[in-house]
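Chemist: Sharing a structure below in structure tokens format, with a few things to ask.
The values are calculated or read from the model by the stated rules, or taken from the named source; none is laboratory data. All figures in this text were calculated on a predicted structure; none of them were measured in a lab. Cβ sites come from the backbone with ideal geometry, for glycine too, and all protein chains shown count toward neighbours.
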Amino acid sequence: MSQRQVVQMSTSHASYGVCVLGSEVFLDTHRSTPKGATSFDVHATSAVTVHIIHSPMTKPMLNSRWPLDPDIEVVVTIGVTSKTVNDNKVKISYYGREENEISVAWLYLTCVDISLDVDVNRNGRVRSKGKDKANWTWGPDGQGAVLLVNCDKDSPNMVGTDSNQVDIQTPADLQDMSVMLLRTQGPSSIFADYQLVLHVSESDADKVRVFHAIRSDSHPQYKPVLGPGMLSCTLDCVRSGENTFYVEGLAFPDAGFSGLVSISVSLLEVPHKVRGIYPIPDTTKSPLRLPTTSPGVLPLQYSPGTPIFTDTVVFRMAPWIMTPNTQQPLEVFVCSIKRGINSNEVFLEELQALLRKANCKMTICSELESRSDRWIQDELEFGYVEAPHKSFPVVFDSPRNRGLKDFAFKKILGPDFGYVTRVPRGCDACSLDSFGNLDVSPPVTVRGKEYPLGRILIGSPLPWASGRRMSKVVRDFLYAQKVQAPVEVYSEWLSVGHVDEFLTFVPAYDRKGFRLLLASPSACFKLFQEKQRQGHGEATQLVGKTMGKDVPVSLGASNVLHQCPHIGIVGSERRSIDDILADEGLRNDNKHVQRCIDWNRDLLKHELGLSEQDIIDIPQLFILRGSRAEALFPDMVNMLVLGRHLGIPKPFGPLVAGQCCLEERVRALLQPLGLSCTFINDFFSYHVLSGDVHCGTNVRRKPLAVKWWHVVP
């Protein structure tokens, strides 16, 4: 960014100064106007371009001289870097009424080139002399550099993330940073007489850290020069050429921080470099011929630390981005719970078989690591950050902080795997802070506006109602990322209160490329009425939420419940289709639930640009516990989506012709989309504990192909 540089001209002595290639130098001619002068003209050496700025009413005189109008400004620019000191000259001649030259003012200028450069074009290369470097714009034609928050851990010996370290522990750490180049050119003696200062504003200093790469005979050194507590750095021994800096981000966009950070370099006049005053030689006969020696010339006089030129670049912190179910799965995380009646060993066996079909890696968190906390979906959410030169996954650790609270930090954070968290102050996290209450849609277009990275969904109370709500620090963080504009849906009607209890997205190979699945009591009653009319009213559904401690572990086998329908299960029961349809209390409960889901249905159609053809109703019944609802049987929308392979909670529905009618209906709805349905028994390991398959698993997925900087929020 060029700033206005003003030089005060004098007819009593020559002025000397430094200017930067391409920048404008305003010549203050008015205070040096000699008595009796009525006009002036300007001459300069060939590299100097003179601009006369004037009003439309002011015209040059017949002899090409200009009247001494107070509104006229003289501006010069130089288009070639100086090879020697003072090789550019400007002469202003003043004329009286008799058109005789009555006085002259001389200016000697040395032109240097100073440019602070970054990857303005976002192509992984630092471009010299990028235009509008101090502006950051969105979109495919936008420009501006990108900065990664250095939130991974490249050295195993460090405590915390790389951004917590004030030095560079390993060369791998440099790959997470953005390169910034300071390019200088001009006579070397000039840089000995002036200071180059790299600086950052106080408000930005805690968001960024800058390292200066210093050449060394033994090995490169990286000196921290800007960052927390370091607002500026004077660059010593600057010579013509390049100085390399590495810039790391320290903070994600958040409340009070837009994500933009500016870094500047300024050329300053050094106060002790002021020289003496000497008389101006007589040059009236040869206007541009000055003495080769300059004994005693007064240069431009600046106050201490006055900047001559400032160049500024701006970075935007890469946002944390969630990945939707439609993205390719890379790794599934699940906890192992081997002890007690709620052991998930059978669940893990069935899950492993599904992952083999999906060709997906499985990572098991031991019971010791999880401290018997099985709800890994609630503890963390996988996303990623991306810059033109680098991308890596970042796990967002929820403020839930139960048994798994240390898992993400201790076991996932590592080289090229980042970590971020937000913890509310002064109050405990509520159920809605768990990340089963966080989802993201696939890419959508809504009334002509594109959301190519999808939209985040946050479960909340109704907009006008009080109740449990995700912590403000978490919601502020999610909104501040901008590129996945959040939508708050209504989930507080549920006992647990999570969005994954009534909705999910699955890939499809037509229309928008996905379907929204919604839990539907209406669809379930319709199915059961259909089976009743067909004469299957006595077929039974396993229901129940609370287990007694004397339930045998062997009941975890997927076929036991159907084979042994008369086994007593404490807190669980079998209810026939006839009984379910005749239960007025259950019907009323589910009318309320259906109204809650329909409210969300209309909201999601509006906010995601969906039509009815984009939505599939999955049969499901709920029961009210007090004023809030729980799934009556395993919640089939609470599924694991692995490409075309779906891991769906086994509903243990009424058997018709030896087949579960709920499973058959779900297959009929989803298989035409090219999806493969695998029903997994999670009844005792998850469902009776108020969760299902999705709650007990977590998936790291492939980043989206769209570059977030191409998005227009």
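Chemist: Select from segment 593-608 the residues that are surrounded by fewer than 18 Cβ atoms within 10 Å (Cβ to Cβ) and charged (D, E, K, R) and write down the one among them that is farthest from G454 (Cα to Cα).
Modeler: Here the residue is R595.
Chemist: Would it be correct to say that V499 is within 29 Å of R665 (Cβ to Cβ) and in contact with a strand residue (DSSP E or B) (Cβ under 8 Å, 6 or more places away or on another chain)?
Modeler: yes
Chemist: Something else: Is it the case that S266 is among the hydroxyl-bearing types (S, T, Y), closer than 20 Å to V112 by Cβ, over 24 Å from the mean Cα position of the chain (by Cα) and modelled with pLDDT under 90?
Modeler: no
Chemist: Within segment 423-449, can you find the residues that are of a type in the set (D, E, K, R) and either in contact (Cβ under 8 Å) with a residue 60 or more places away in the chain or touching a Cys at 6+ places or on another chain (Cβ under 7 Å) (or both)?
Modeler: We begin by selecting, within segment 423-449, every residue of a type in the set (D, E, K, R); these are 425, 428, 433, 439, 447, 449.
Those that are of a type in the set (D, E, K, R) and either in contact (Cβ under 8 Å) with a residue 60 or more places away in the chain or touching a Cys at 6+ places or on another chain (Cβ under 7 Å) (or both): D439, R447.
Chemist: For segment 461-475, check the following and say yes or no: at least one residue is over 20 Å from the mean Cα position of the chain (by Cα) and outside any loop (DSSP other than H, G, I, E, B).
Modeler: Taking every residue of segment 461-475 in turn, none turns out to be over 20 Å from the mean Cα position of the chain (by Cα) and outside any loop (DSSP other than H, G, I, E, B).
Chemist: Further question on the same structure: Go through segment 385-418 and give me each residue that's crowded, with 22+ Cβ neighbours inside 10 Å and hydroxyl-bearing (S, T, Y).
Modeler: Passing the criteria: only S398.
Chemist: Pairs, please: C-beta under 6 Å, at least 6 apart or cross-chain, first residue in contact (Cβ under 8 Å) with a residue 24 or more places away in the chain and in segment 119-142, second of a type in the set (D, E, K, R) and assigned to a loop (DSSP other than H, G, I, E, B)?
Modeler: Listed by first residue and then by second, the contacts come to V120/R127; V120/K133; V126/D119.
Chemist: Could you grab me the full set of residues in segment 568-587 that are among the aliphatic types (A, V, I, L, M), modelled with pLDDT under 95 and either within 16 Å of Q532 (Cβ to Cβ) or surrounded by 13 or more Cβ atoms within 10 Å (Cβ to Cβ) (or both)?
Modeler: Within segment 568-587, just I569 meets the criteria.
Chemist: Looking for something farther than 30 Å from E248 by Cβ, in contact with a Phe, Trp or Tyr (Cβ under 8 Å, 6 or more places away or on another chain) and modelled with pLDDT of 95 or more - is there at least one such residue anywhere in segment 390-398?
Modeler: no
Chemist: Which of the residues that make up segment 146-198 are crowded, with 19+ Cβ neighbours inside 10 Å and over 22 Å from I214 (Cα atoms)?
Modeler: Within segment 146-198, V146, L148, V149, C151, D152, K153, T161 meet the criteria.
Chemist: Please determine whether any residue of segment 164-171 is acidic (D, E), under 22 Å from K390 (Cα atoms) and assigned to a loop (DSSP other than H, G, I, E, B). Step through it out loud before you land on a result.
Modeler: To start, the set of residues in segment 164-171 that are acidic (D, E) comprises 167.
Still in the list and also under 22 Å from K390 (Cα atoms): 167.
Cutting the leftovers down to assigned to a loop (DSSP other than H, G, I, E, B) gives us 167.
Yes - at least one qualifying residue is present in segment 164-171.
Chemist: Any residue at all in segment 95-108 that's in the same structural domain as S23 (by TED's automatic domain parsing), closer than 15 Å to A44 by Cβ, out of contact with any Pro (no Cβ under 9 Å at 6 or more places or on another chain) and β-branched (V, I, T)?
Modeler: No: zero hits.
Chemist: So in segment 211-262, with the set limited to residues that are at positive phi and not in a loop (DSSP other than H, G, I, E, B), which one is surrounded by the most Cβ atoms within 10 Å (Cβ to Cβ)? Break it down into steps so the answer makes sense when it comes.
Modeler: Taking segment 211-262 first, the residues at positive phi are 227, 229, 237, 241, 256, 259.
Next cut, not in a loop (DSSP other than H, G, I, E, B) only: 227, 241.
Working: G227: 22, G241: 9.
Restricting to residues being at positive phi and not in a loop (DSSP other than H, G, I, E, B), the top hit is G227.
Chemist: Looking at segment 124-133, is at least one residue assigned to a strand (DSSP E or B), touching a Leu at 6+ places or on another chain (Cβ under 8 Å) and buried (at least 20 other Cβ atoms within 10 Å of the Cβ)?
Modeler: Initial filter on segment 124-133 (assigned to a strand (DSSP E or B)): none.
No, segment 124-133 has no match at all.
Chemist: Among the residues of segment 499-510, how many are hydroxyl-bearing (S, T, Y) and assigned to a helix (DSSP H, G or I)? Steps first, please.
Modeler: Filtering segment 499-510 down to residues hydroxyl-bearing (S, T, Y) leaves 504, 509.
Keeping just the survivors that are assigned to a helix (DSSP H, G or I) gives none.
Residues flagged as hydroxyl-bearing (S, T, Y) and assigned to a helix (DSSP H, G or I) within segment 499-510 amount to 0.
Each row is one residue, and each column tells you yes or no for (1) closer than 30 Å to H710 by Cβ; (2) surrounded by fewer than 22 Cβ atoms within 10 Å (Cβ to Cβ); (3) within 24 Å of the chain's Cα centre (by Cα).
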{"position": "T312", "(1), (2), (3)": "yes, yes, yes"}
{"position": "P319", "(1), (2), (3)": "yes, no, yes"}
{"position": "N325", "(1), (2), (3)": "yes, no, yes"}
{"position": "K338", "(1), (2), (3)": "no, yes, no"}
{"position": "L348", "(1), (2), (3)": "no, yes, no"}
{"position": "Q352", "(1), (2), (3)": "no, yes, no"}
{"position": "E367", "(1), (2), (3)": "no, yes, no"}
{"position": "D373", "(1), (2), (3)": "no, yes, no"}
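Chemist: Now for a different question. Can we say V75 is in contact (Cβ under 8 Å) with a residue 60 or more places away in the chain and either under 18 Å from S15 (Cα atoms) or touching a Lys or Arg at 6+ places or on another chain (Cβ under 8 Å) (or both)?
Modeler: Values: in contact (Cβ under 8 Å) with a residue 60 or more places away in the chain: no; either under 18 Å from S15 (Cα atoms) or touching a Lys or Arg at 6+ places or on another chain (Cβ under 8 Å) (or both): yes.
Against the criterion (in contact (Cβ under 8 Å) with a residue 60 or more places away in the chain and either under 18 Å from S15 (Cα atoms) or touching a Lys or Arg at 6+ places or on another chain (Cβ under 8 Å) (or both)), V75 does not qualify.
Chemist: Quick check: is even one residue across segment 459-466 crowded, with 18+ Cβ neighbours inside 10 Å, among the hydroxyl-bearing types (S, T, Y) and not assigned by TED's automatic domain parsing to the domain that holds D176?
Modeler: Yes, that holds for at least one residue.
Chemist: Provide a single number: the residues in segment 468-489 that are buried (at least 20 other Cβ atoms within 10 Å of the Cβ) and among the hydroxyl-bearing types (S, T, Y).
Modeler: Final tally of qualifying residues: 1.
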